Amino acid sequence: ARQARQYQDSLLTMLSPESFEFRVEKAIQLMGEGRLDQAEPMLTNIFRKDLVPGTAGYAGITAILADLYRMKGDSRLESQYRIFSAIADIQAVVKENRSLTELAVSLYGEGQVERANNFIAYAMADANFFNARQRKIEIAKIYPIITRAYQIESKRQEENLRLFIWIISGISLLLAFAIFVVLNQKRKLSLAREYLQE
């Protein structure tokens, strides 16, 4: 970590303070130092003024913003920027899919198991297709957890549906029986009236 900081410091001295690269690296450095309130306006300024949606650069900056909001404990903004990043990754055909994986984890944490399963399966399919070994290792840590939760959720929904069908069937039988009783009583009443008239 110390060596990485030294490299980052060296890089910052070589870059123009007005350049895009300097501002991004400086924001990352501030985040690493825990100075989130200073990094946030720098990154949001870059997001608003320097990026084109659907590009790799857009995907990268929105992923950094998502990390920043995770560090700040703002799950709503973290999810929002994670979605921006995942969409940009797909549009720019960037098959790293880190944001999609992180989004799947967030959704799983929120209890949105089906969506989390769809996203993690998509990320794993891309990692397998491009043989991205590191990404496969990272995804493999959480893939079984999410898919297992999805299977349990699906089974529970099937059981609930089956129970609902049994309840509806029971109500239908009771209704049919009630209709039969009413019609039978009506027929008896009609016969009684005929008998009285005679």
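What to note about this one:
- Sorting 179-192, 29-42 by their mean Cβ neighbour count within 10 Å, with the most densely packed peptide first, gives 29-42, 179-192.
- In the chain, the longest principal axis of the Cα atoms and the axis of helix 2-14 are about 70 degrees apart.
- A simple rule links phi to the HN-Hα coupling: the Karplus curve 6.51 cos²θ - 1.76 cosθ + 1.60 with θ = phi - 60°, which for the stretch 31-37 gives 4, x, 8, x, 8, 5, 5 Hz, with x for Gly and Pro.
- Close Lys-Lys pairs in the chain, where close means Cα under 27 Å and separation is 8 or more or interchain: 9
- Diagonalising the gyration tensor over the Cα atoms of the chain and scaling each eigenvalue by 5 before taking the square root yields semi-axes of 63, 19, 14 Å, largest first.
- Charge dipole magnitude, Cβ of K and R +1, D and E -1 - the chain, Cα centre, debye nearest 20: 640
- Residues listed by number, the stretch 106-147, amide nitrogen under 20 Å from L161 label point at 7 Å toward C-beta: 112-119, 147
- Across the stretch 1-46 the C-alpha pair distances fall into 10 Å bins from zero in the proportions 29, 55, 16 percent.
- Contact order normalised by residue count of the chain, Cα under 8 Å, 6+ apart, percent: 10
- Ligands, DNA and RNA left out, the 1.4 Å accessible surface of the stretch 65-198 is 61% carbon and sulfur atoms.
- Prolate/oblate/rounded call for the stretch 66-128, Cα gyration tensor, a/c under 1.5 rounded: oblate
- Table column - 3J(HN,Hα) (Hz), the stretch 153-162, Karplus curve with 6.51, -1.76, 1.60, x for Gly and Pro: 5, 5, 5, 4, 5, 4, 5, 5, 5, 4
- In order through the stretch 60-70: 3J(HN,Hα) via Karplus (6.51 cos²θ - 1.76 cosθ + 1.60), integer Hz, x for Gly, Pro: x, 5, 5, 5, 5, 4, 4, 4, 4, 6, 5
- Estimated purely from DSSP H runs of n ≥ 4, each contributing -39500 (n - 2.57), the mean residue ellipticity at 222 nm for the chain is -29500 deg cm²/dmol once divided by its residues.
- Distance (nanometres) between label positions extended 7 Å along Cα→Cβ at T55 and L191: 8.8
- Residue with peak Gaussian network fluctuation, the chain [Cα springs, cutoff 10 Å], from S79, S16, S99: S16
- Simple spin-label estimate for Y7 and A176 in nanometres, 7 Å along Cα-Cβ: 7.4
- Pairwise FRET efficiency - L15 versus S154, Cβ, R0 = 45 Å, nearest 0.05: 0.35
- For the stretch 151-198: Kirkwood Rh in Å [reciprocal of mean 1/r, alpha carbons]: 13.7
The values are calculated or read from the model by the stated rules, or taken from the named source; none is laboratory data. Here the structure is a predicted model, which means the values were calculated and not measured. Cβ: placed from backbone, ideal geometry, glycine included. Neighbour counts: every protein chain shown. Just so you know, the surface numbers come from the protein's heavy atoms only, side chains and all, with ligands and any DNA or RNA stripped out. Shrake-Rupley method; radii C 1.70, N 1.55, O 1.52, S 1.80 Å.
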